[in-house]
Amino acid sequence: MNGAAAVAFAKDHGDRFVEELKALLRIPSVSTDPARAGDTRRAAEFVAAELTRIGMENVHLIETSTEESMTAGASGPAQVVPARIGHPLVYAEWLHAPGKPTVLCYGHYDVQPAEPLDEWKSPPFEPTERDGNLYARGAVDDKGQMWMHVKALESLMVAGGGKLPINVRVIVEGEEEVGGEGIAAFVRDFGDQLHADVALVSDTEMFAPDLPTLCVGLRGMIYTEIEVQGARTDLHSGMYGGAAPNPFVALAQIIAQLKDAEGKILIPGFYDKVQAPSDAELAAWKLLPFDEEEYRHAEVGSVALTGESGYSVLERTWARPTLDVHGMPGGFIGAGAKTVIPARALAKVSLRLVPDMTPAESFRLYKEYVETLCPKGCTLEVRLIHSGDPIVVSTDNEFVRAATEAMHTVFGKETVFVRGGGSIPIVGDFTRELGLPVVMMGFGLPDDNLHAPNEKFHLANFHRGVESIVRWFGILSTLTALES
């Protein structure tokens, strides 16, 4: 494999790669919005068409769905939740390098909603370059990073005369931002179709600019809804206030009892399975170039940082469970005044989990505790929307060593190992269901505003990401396949 030729091709065609990425970013593939289902499928078709064009084989869409399930409300009989058609997976492969390793490249083409729109400096689905950055929803999470995989494959294909130096499978999903149920079911039921030696995930970030980084741990998650029911219907607050229960007040009272002023979660038994980082890991974190005041000012933008006392910021965001409220939709939010006591109120609440917590046990403890907090006059239902396992991956393998070598060539610096505070559910599925080591080689930056207005991807990192993957594949081509 002529690695130098592949790197040269990537550099010569970097501007085109960015223009192609812009075309993908213009597709508003918001997976959580049913009105965007057509756009989300269009993004899948865009990715599939490009994989076909560059020479990947057996490219096709895999339809997904969730299974029919039962749910029980606060009162009354259990109800059937019907199966739901999901967003398709994109699959591709090139398997003509006998004796060489097989890499499973993962990414996702769906994006978060862009709201609040008035906080964007340029339209979220009209990619705009400013100051060396590409601004758009999905620029770094994860269309831009997924596109690095595609462009690295193209560069290697061209340099190799239509051949890759190793075997490659590609799986790209469209539901990562809503829990990844479709791909989880596919991995569970048809995992043999994803047979590989290692998985590559580029959906993480570098710890600091110009510092090559491998993520070795992720927090898990349970995303929930708490719905409180008061009266049968909305009521006039003048006529019924003081006698009728107010579901929003009830929700506020419930939420206020979920954690204390120091950030400690008050759910009984919630911390029982929390595994502390090793002494070596904690020592390594202390050596990272981290300025707490700069973090507070430049990244968080608040007057002070909060959280559990006795833990550093990195410990609190990487290795401690958390609970956050994301929204309380409902009631009257229009202009002017409407003196109504809403019949129902809803809160969206998530909890981040760390090893060795499990989503099922954590949700059980949370649900049981919330139900004990329901105020007089109300009923409530606690629903699990989606979940993912926490994961810490091994760094003691030749795939990680190859990644650090590749990035050292590109960046000229030693790679640091960090954990991430977010969740990528599929990483746990790859490890648990397929037994794969996972290399989380991401090129985002801490200030890229993923999930927020003005999301961006530093274009220099996009290009360095393509080169790093090209070089990583080249190093892997010197290895022998671990699996037959």
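Restricted to Cα atoms, the range 117-178 shows a radius of gyration and a Dmax of 15.6, 48 angstrom. Against the empirical curve 2.2 N^0.38 Å, the C-alpha radius of gyration of the chain lands at a ratio of 1.02. Pairs from the list LYS100/LYS163; LYS121/LYS151; LYS348/LYS456 with a Cα-Cα gap above 19 Å: LYS121/LYS151; LYS348/LYS456. Can you compute the helix-only [θ] at 222 nm over the chain? Use -39500 (n - 2.57) per DSSP H run of at least 4 residues, normalise by all residues, nearest 500 deg cm²/dmol. After summing the helix terms and dividing by the residues of the chain, the value is -9500 deg cm²/dmol. If the viscosity is 1.306 mPa s and the temperature 10 °C, what Stokes-Einstein diffusion coefficient in µm²/s follows for the range 247-397 when Rh is the Kirkwood radius over Cα pairs? Diffusion coefficient, whole number: 88 µm²/s. Residues in the range 388-484 average 36 Å² of solvent-accessible surface per residue, probe 1.4 Å, ligands and nucleic acids excluded.
Expressed in Å, the radius of gyration and Dmax of the Cα atoms of the range 73-222 are 19.0, 65.
Each residue of the range 173-183 was assigned a 3J(HN,Hα) from its phi angle through the Karplus curve 6.51 cos²θ - 1.76 cosθ + 1.60 (θ = phi - 60°); the sequence is 10, x, 9, 4, 6, 10, x, x, 5, x, 5 Hz, with glycine and proline shown as x. In loop segments of the range 246-277 as defined by DSSP, the chymotrypsin sites (Phe, Trp or Tyr not before Pro) with at most 15 further C-beta atoms inside 10 Å of their C-beta are TYR271.
Apply the a/c threshold of 1.5 to the C-alpha gyration tensor of the range 273-326 and tell me whether it is rounded, prolate or oblate. Since a/c reaches 1.5 but b/c is at least a/b, the shape of the range 273-326 is classed as oblate.
Each peptide among 355-367, 183-195, 135-147 gets the average number of other Cβ atoms lying within 10 Å of its residues, and from highest to lowest they stand as 135-147, 355-367, 183-195. When the alpha-carbon atoms of the range 130-287 are used, the pair Rg, Dmax equals 24.3, 79 angstrom.
Hydrodynamic estimate: the Kirkwood radius of the range 409-484 over Cα pairs, inserted into Stokes-Einstein at 10 °C and 1.306 mPa s, corresponds to D of 105 µm²/s.
The amide H of LYS259, built 1.01 Å from its N in the peptide plane, has LEU266 as neighbours under 5 Å, considering only residues 5 or more places off or on other chains.
Computed from phi, the 3J(HN,Hα) profile of the range 45-60 under the Karplus parametrisation 6.51, -1.76, 1.60 (θ = phi - 60°) reads 5, 4, 5, 4, 4, 5, 4, 5, 4, 7, x, 5, 10, 6, 7, 7 Hz, with x in place of Gly and Pro.
Stokes-Einstein diffusion for the range 378-421, with the hydrodynamic radius set to the Kirkwood value over Cα pairs and evaluated at 4 °C in a medium of 1.567 mPa s, equals 91 µm²/s. For the peptides 332-343, 114-125, 422-433, residues were scored by their other Cβ atoms within 10 Å and the scores averaged per peptide; the highest-first order is 422-433, 114-125, 332-343.
If you roll a 1.4 Å probe over the chain with all protein chains in place, what percent of the accessible area is carbon or sulfur? Roughly 52 percent of what the probe reaches on the chain is carbon or sulfur.
Placing pseudo-labels 7 Å out from each Cα toward the beta carbon at GLU292 and ALA460 gives an inter-label distance of 3.0 nm.
Quick one: of LYS338/LYS376; LYS259/LYS376; LYS259/LYS286, which pairs are farther than 23 Å apart, Cα to Cα? With Cα atoms farther than 23 Å apart: LYS338/LYS376; LYS259/LYS286.
The values are calculated or read from the model by the stated rules, or taken from the named source; none is laboratory data. The structure presented is a predicted model; accordingly, all values stated were derived computationally and were not measured. Positions of Cβ are generated from backbone atoms using ideal geometry, with glycine treated the same way; all protein chains shown enter the neighbour counts. Only protein heavy atoms, including side chains, enter the accessible area calculation; ligands, DNA and RNA are left aside. Shrake-Rupley method; radii C 1.70, N 1.55, O 1.52, S 1.80 Å.
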